[in-house]
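Peer 1: So that we are looking at the same thing, I have put the structure below in structure tokens.
The values are calculated or read from the model by the stated rules, or taken from the named source; none is laboratory data. Everything quoted here is computed from the prediction, not taken from an experiment. Methodologically, a virtual Cβ is constructed for each residue, glycine included, from the backbone with ideal geometry; neighbour enumeration extends over all protein chains shown.
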Amino acid sequence: MEQILANGLYLGAQYALIALGLTLIFALMNVLNFAHGQMYVLGGFVTYTVYGQLGLPFFVALGCSALTLAVVGALIERFLFRPVLARSHREESSMLLAAGIAFFMDAVILLVFGEKQRGVPKIVGGVLNWDFRLIMPYDRILIGVLALLSIAAFILFMSYSRTGRALRAMAQDRVAAQLMGVDVDRYAMIGFALGAMLAGLVGGLLVTITGVNLGMGGPTSIKAFLMVMIGGAGVISGAIAGGFILGMMESVGLTLLSAYGDITYLVIFASLMVFLAIRPQGLMGKPWG
Amino acid sequence: MSPLLEVRSVTRRFGGLVAVDSVAFDVAEKEILSVIGPNGAGKSTLFKLIASFLKTSSGEVIFKGEKISDRSPHEVARRGVVRTFQETTIFRGMTVRDNVIVAHHLRSKASLAGYFFASGDARADEAAFARSADEICDFIGLGEIKDEMASNLPQGHLRALGIAIGLATDPAVLLLDEPFAGMNHDETMRTVELVRGVRDERGVTVLLVEHDMPAVMSISDRIVVLNFGQKIAEGTPAEIRADDKVIEAYLGAEDESIGL
Amino acid sequence: MGTGLRIAGVLLFLAIVFLGVPWAIQASGRWDFYYTLTSVALLAIASAGVWLTFYIGRINIGQGAYALTGGYVSAILVMQAGWNFWLTLPVAGIFCALVSVLIGLPILRLRGVYFAMVTLVLTEVARLTALALPITNGAKGITSIPLPGEVSILGLTLIPAIDTFGDVKLAFYLVAAALMVIVFAGMYRLVNSRIGHLCRSLQQNEELASSIGVNITYLRIVAYAISSFLGGIAGAMFVAISQSIYPSSFTVVDSVNFMLNCFLGGLAYVFGPILGTLVLYFGWDLLFETGRFQLLIYSSVLILIIVLLPNGLLSVFERKRATAR
């Protein structure tokens, strides 16, 4: 039982961090970022290159992942989403753009890093063994703690910094924020960069455990969508809750229900559909976002 | 003669808050009746309850002897009680004329399949709707700009278009939600004339919710005053003007809005 | 546009589809294009359904579920009940339409991303259901499905067997193209009738639509059922061609692609899905020769198109039309 909980917590922390970035972008611009998974994968490859190939310290690599994705996110918002959203009749058109960007990032990753699975040396060795009730490698614990710290830092940033408050005002009511003097264009860019940065950060964290490969992008995006929907689209607490719930569900599902094979997933997805049909705003969202 | 529309002690709660508290009044045929009250008095909520855009907590709304509260909005509209919107809610991506044409839905004789296969009924409908839409546009004063995209219209015209959409449904009772909000004196006077015309020339009973006191005084046959969700007065404009409770309610509200 | 011009356009399109394409393939010897273009026609039909749900203001990422369902219905009826394929085609569509009414009743109340996400999950549910049910034969799928046979009444042949003419590829292409033409003719009529007008009212403001007496629940269900019907028959046709179906025949990726086809063509244009599907699917195939740069070129062109024409390819003509008025 402890093992399942610990696994769920560890998975949930990573998931929550991914979902946070996605929900932030959604709340600010009403864009469903199909490329979120690819951003995560790119973050993984940057850490793989800097830490695994160049041999620089892990934290430097992690910083590089975050920074790279922040820049990529800012550029994507400024030169792609902003002009398209300004001229499109229906804001759903941004979904096509997001999908195009996802394909493009896949293509770039394919050309630069290839399609092989890549891993990096362990950052710390050893395994925690608590009476065989809980067995967990130290590197997983470290990554889990780092993810939790990042979530805490993000919440503090959103609550207390000037930028964070402006972003929250904008997420609540774009027009009102504009009237209050928030430069919405500038903050849309900052928010997008921040969301992308979080994806890159998780990519950098997780590459040390699971490695990284090209094919992880799409499924990661879909998982992130689900987490955001469970918690409530565009709501920060919801994304965190959604992340931990999915992490727990997977952890429990994999251990307890593995005997039943695909039925497990069918049950999970079908109940998710029923849940969303009854409560579309998720656990914590406001109706209609 | 029994009244056309009866509001029978309608109540609506939101959580612990009672937005509309046992409000009751009648509306006679071809009357212009206004519901007024300070901000937050429950006017808009009452309005939505009558048009069934909200469910009542208790009480009922009767139209021509039939209960219309707690139904679907489109069923209430079908019976002849049609609302317009406070915000300038229109079909933005259509021309003015198409807005009015599509609003003729309740006069359709053909089925969906009939429209697909262009049955005789469908063709007759479409011709009739187009003719009627042109006539309504002229009546409302939008005839000149009926081929304009609705999203390009200025504020005042949008309000008129909202009323035109309401008229296209051939209503018995038209519910107007703050028809004069945000208008200057001239625009208000023009719209007052328009609303009178709707009643006098088309025989439509008008129930309106409004803020603008002078306009309400000049247009209404009778007035119902709400405060804190309760009806505090009902009568002709002259009676309302002399009612102490009404004056008190409005003064109190003004103090609040100044920030005392 | 004048009526004469419009008729000329339609005739030109039909001539290209039914005469030009077979001639070009004959001349170039690229017989594989038959399969590609057959797929384009069928995917365009499924996309037309997605387009219709867009038209009432819903983002539908669930068409893969109905294509899969339609495919399985046809395969099972052919293999287990021994039905003729041509009879299973409408049945597959109607079955999907009925299923979509049951599913649509609760979920069509949702809007925006909420509807989109539920339909995305629906695609996954359909795949997992196909994996789990005994009748669908799990991951092994249903294979060796016979080609469509002939349909005859009292010895009179109504539809000949698909391999009568020797060239099965050409026969399938012509059938798929004909089906596409019929579907889009129907869609054109729908959109330009009062039904289309009502759908637009729903897309632009559901509250106002219900206040003018439109039964929005009913109209949404009708549109969604038509959409799913189209998904079902497209899926069934695919099964007839590939003679097999697996749970992975239509997945989330396909659902997303159907949606992208609509976006690319333009959500405001009824023929958008044909163009969008052609560009996305055929374009991808054409770029095959660029090898490892295929995805890079493809996605760059895609992004460029979106940035230049955010309202779809067909919005190119928009400015012209505006000045013509």
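Peer 1: Testing C:Glu207 on (1) away from chain B (no Cβ under 14 Å); (2) part of a helix (DSSP H, G or I); (3) in contact with a Pro (Cβ under 9 Å, 6 or more places away or on another chain), one condition comes back false. Which one is that?
Peer 2: Failed condition: (1).
Peer 1: Only residues that are within 14 Å of chain C (Cβ to nearest Cβ) and buried (at least 19 other Cβ atoms within 10 Å of the Cβ): list them for region A:73-87, please.
Peer 2: If the condition is that a residue be within 14 Å of chain C (Cβ to nearest Cβ) and buried (at least 19 other Cβ atoms within 10 Å of the Cβ), then A:Ile76, A:Glu77, A:Leu80, A:Phe81, A:Val84 are the ones that fit.
Peer 1: What single numbered condition from (1) away from chain C (no Cβ under 14 Å); (2) not in a helix (DSSP H, G or I) fails to hold for A:Gln281?
Peer 2: Only one criterion in (1) away from chain C (no Cβ under 14 Å); (2) not in a helix (DSSP H, G or I) is unmet by A:Gln281, namely (1).
Peer 1: A further question on this structure: Which of the residues that make up region C:62-77 are over 15 Å from C:Ala130 (Cβ atoms) and surrounded by fewer than 24 Cβ atoms within 10 Å (Cβ to Cβ)?
Peer 2: C:Leu77
Peer 1: Where the second residue is among the basic types (Lys, Arg) and surrounded by 20 or more Cβ atoms within 10 Å (Cβ to Cβ) and the first is farther than 16 Å from B:Gly162 by Cα and facing chain C (nearest Cβ under 9 Å) and lies in region B:90-113, which pairs have Cβ atoms under 9 Å and are six or more apart or on separate chains?
Peer 2: Partner pairs satisfying both residue conditions: B:Ser108/C:Arg194; B:Ala110/C:Arg194; B:Leu112/C:Arg194.
Peer 1: Another one. Quick one: B:Glu29 ticks every box in (1) surrounded by 17 or more Cβ atoms within 10 Å (Cβ to Cβ); (2) in contact with a Leu (Cβ under 8 Å, 6 or more places away or on another chain) except a single one, so which number is it?
Peer 2: Condition not satisfied by B:Glu29: (1).
Peer 1: Among the residues of region A:109-129, how many are facing another protein chain (nearest Cβ under 7 Å) and either buried (at least 16 other Cβ atoms within 10 Å of the Cβ) or of a type in the set (Ser, Thr, Tyr) (or both)?
Peer 2: The number of residues fulfilling the criteria is 1.
Peer 1: Taking region C:266-319 as the search range and keeping residues that are assigned to a loop (DSSP other than H, G, I, E, B) and more than 10 Å from chain A (Cβ to nearest Cβ), which one is surrounded by the fewest Cβ atoms within 10 Å (Cβ to Cβ)?
Peer 2: C:Phe271
Peer 1: While we're on this one: Looking only at residues in region C:109-119 that are closer than 16 Å to A:Lys223 by Cα and at pLDDT below 90, which one is farthest from the other protein chains (Cβ to nearest Cβ)?
Peer 2: C:Ala116
Peer 1: I'd like to check something: does region B:78-98 contain any residue that is at pLDDT 90 or above, surrounded by fewer than 20 Cβ atoms within 10 Å (Cβ to Cβ), of a type outside the set (A, V, I, L, M, F, W, C) and closer than 25 Å to B:Val224 by Cβ?
Peer 2: Yes: region B:78-98 contains one or more residues that are at pLDDT 90 or above, surrounded by fewer than 20 Cβ atoms within 10 Å (Cβ to Cβ), of a type outside the set (A, V, I, L, M, F, W, C) and closer than 25 Å to B:Val224 by Cβ.
Peer 1: Is it the case that some residue within region B:156-171 is away from every other protein chain (no Cβ under 14 Å), of a type in the set (A, V, I, L, M, F, W, C) and over 22 Å from C:Ser201 (Cβ atoms)?
Peer 2: No; the residues of region B:156-171 include none that is away from every other protein chain (no Cβ under 14 Å), of a type in the set (A, V, I, L, M, F, W, C) and over 22 Å from C:Ser201 (Cβ atoms).
Peer 1: Regarding region B:53-69, can at least one residue be identified that is surrounded by 15 or more Cβ atoms within 10 Å (Cβ to Cβ) and without any contact (Cβ under 8 Å) to a residue 24 or more places away in the chain?
Peer 2: For region B:53-69, residues surrounded by 15 or more Cβ atoms within 10 Å (Cβ to Cβ) and without any contact (Cβ under 8 Å) to a residue 24 or more places away in the chain: present.
Peer 1: I would also like to ask the following. One residue is enough: does region A:134-142 have a residue meeting the conditions out of contact with any Pro (no Cβ under 6 Å at 6 or more places or on another chain), under 30 Å from A:Ala27 (Cβ atoms) and either more than 14 Å from chain C (Cβ to nearest Cβ) or of a type in the set (Val, Ile, Thr) (or both)?
Peer 2: Among the residues of region A:134-142, not one is out of contact with any Pro (no Cβ under 6 Å at 6 or more places or on another chain), under 30 Å from A:Ala27 (Cβ atoms) and either more than 14 Å from chain C (Cβ to nearest Cβ) or of a type in the set (Val, Ile, Thr) (or both), which makes the answer no.
Peer 1: For region C:25-67, how many residues are within 16 Å of C:Ile226 (Cα to Cα), within 13 Å of the chain's Cα centre (by Cα) and part of a helix (DSSP H, G or I)?
Peer 2: Count: 17.
Peer 1: Among the residues of region A:109-155, count how many are assigned to a loop (DSSP other than H, G, I, E, B) and in contact with an Asp or Glu (Cβ under 9 Å, 6 or more places away or on another chain).
Peer 2: Number of matching residues: 6.
Peer 1: Of the residues B:Ile240, B:Ile223, B:Ile232, only one is in a helix (DSSP H, G or I) and at pLDDT 80 or above; which?
Peer 2: Matching residue, one of B:Ile240, B:Ile223, B:Ile232: B:Ile240.
Peer 1: On to the next question. Look at C:Phe85 and say whether it is under 30 Å from C:Arg194 (Cβ atoms), among the aromatic types (Phe, Trp, Tyr), buried (at least 17 other Cβ atoms within 10 Å of the Cβ) and away from every other protein chain (no Cβ under 11 Å).
Peer 2: It is false that C:Phe85 is under 30 Å from C:Arg194 (Cβ atoms), among the aromatic types (Phe, Trp, Tyr), buried (at least 17 other Cβ atoms within 10 Å of the Cβ) and away from every other protein chain (no Cβ under 11 Å).
Peer 1: Within region C:122-137, is even one residue of a type outside the set (A, V, I, L, M) and surrounded by fewer than 19 Cβ atoms within 10 Å (Cβ to Cβ)?
Peer 2: yes
Peer 1: Filter region C:138-154 for residues that are in contact with a strand residue (DSSP E or B) (Cβ under 7 Å, 6 or more places away or on another chain) and more than 18 Å from C:Leu89 (Cα to Cα) and give the result.
Peer 2: C:Gly141
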